[in-house]
1. Taking the chain, which GluC sites (Glu not before Pro) meet the DSSP loop condition and have no more than 13 other C-beta atoms within 10 Å?
2. Mean-square fluctuation check for the chain, GNM, Cα pairs under 10 Å: which of Gly66, Gly19, Gly32 is largest?
3. If the chain between Val2 and Met33 were fully stretched, how many nm would it gain, using 0.36 nm times the residue separation less the Cα-Cα distance?
4. Could you give me D for the chain, from Stokes-Einstein at 20 °C and 1.002 mPa s, where the hydrodynamic radius is the Kirkwood radius over C-alpha pairs? Units µm² s⁻¹, please.
5. Using DSSP to define loop residues, name the trypsin sites (Lys or Arg not before Pro) in the range 1-63 whose beta-carbon has at most 13 other beta-carbon atoms within 10 Å.
6. Only loop residues by DSSP count here, and only those with at most 16 other Cβ atoms within 10 Å; note down the chymotrypsin sites (Phe, Trp or Tyr not before Pro) in the range 30-60 that meet that.
7. If you plug each phi of the range 9-16 into the Karplus form 6.51 cos²θ - 1.76 cosθ + 1.60 with θ = phi - 60°, what whole-Hz ³J(HN,Hα) values come out, in order, with x for Gly and Pro?
8. Rounded to the nearest 500, what is the 222 nm mean residue ellipticity of the chain from helices alone, with -39500 (n - 2.57) per DSSP H run of 4+ residues and division by all residues?
Amino acid sequence: MVERRVLQLASGSPFLLHGQFAFQTKDLVLLGMEYINCGDFDELLQRKGCLDSPCARFYTAELVCGIQHLHTKGIVHR
């Protein structure tokens, strides 16, 4: 339930993945996430290898903006 709440609070940022739904069965808690057409960051690194400086700065800035948004909501990224 904590993760679901964090996903709800993160929904205001374009730099964070958004949760679409959540439900619980007898044995599992399932979180449905939005679809990311281009894949995740790990896949990007596997395709491109090392990033050049401008590209690395761009992705670092997006990460910082996402974490700053969480901090404004009282969430500390672990």
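1. Numbers: sites: Glu3, Glu34, Glu43, Glu62; in loops: Glu34.
Here the sparse-neighbourhood loop sites are Glu34.
2. It is Gly32.
3. Numbers: separation 31, 0.36 × 31 = 11.16 nm, distance 1.52 nm.
Stretched out fully, the Val2 to Met33 stretch lengthens by 9.6 nm.
4. This corresponds to a translational diffusion coefficient of 149 µm²/s.
5. Lys26
6. Within the range 30-60, the qualifying chymotrypsin sites (Phe, Trp or Tyr not before Pro) (loop, at most 16 other Cβ atoms within 10 Å) are Tyr35.
7. Rounded to whole hertz, the list is 5, 6, 4, x, 10, x, 9, 10.
8. Details: 3 runs with 37 residues, N = 78.
Per the formula, -15000 deg cm²/dmol.
Coordinate-derived values only; no laboratory data. What you see is a predicted model; the values in this text were computed from it and never measured. When we count neighbours, we look across all protein chains shown, and the Cβ atoms used for this are built from the backbone with ideal geometry, even at glycine.
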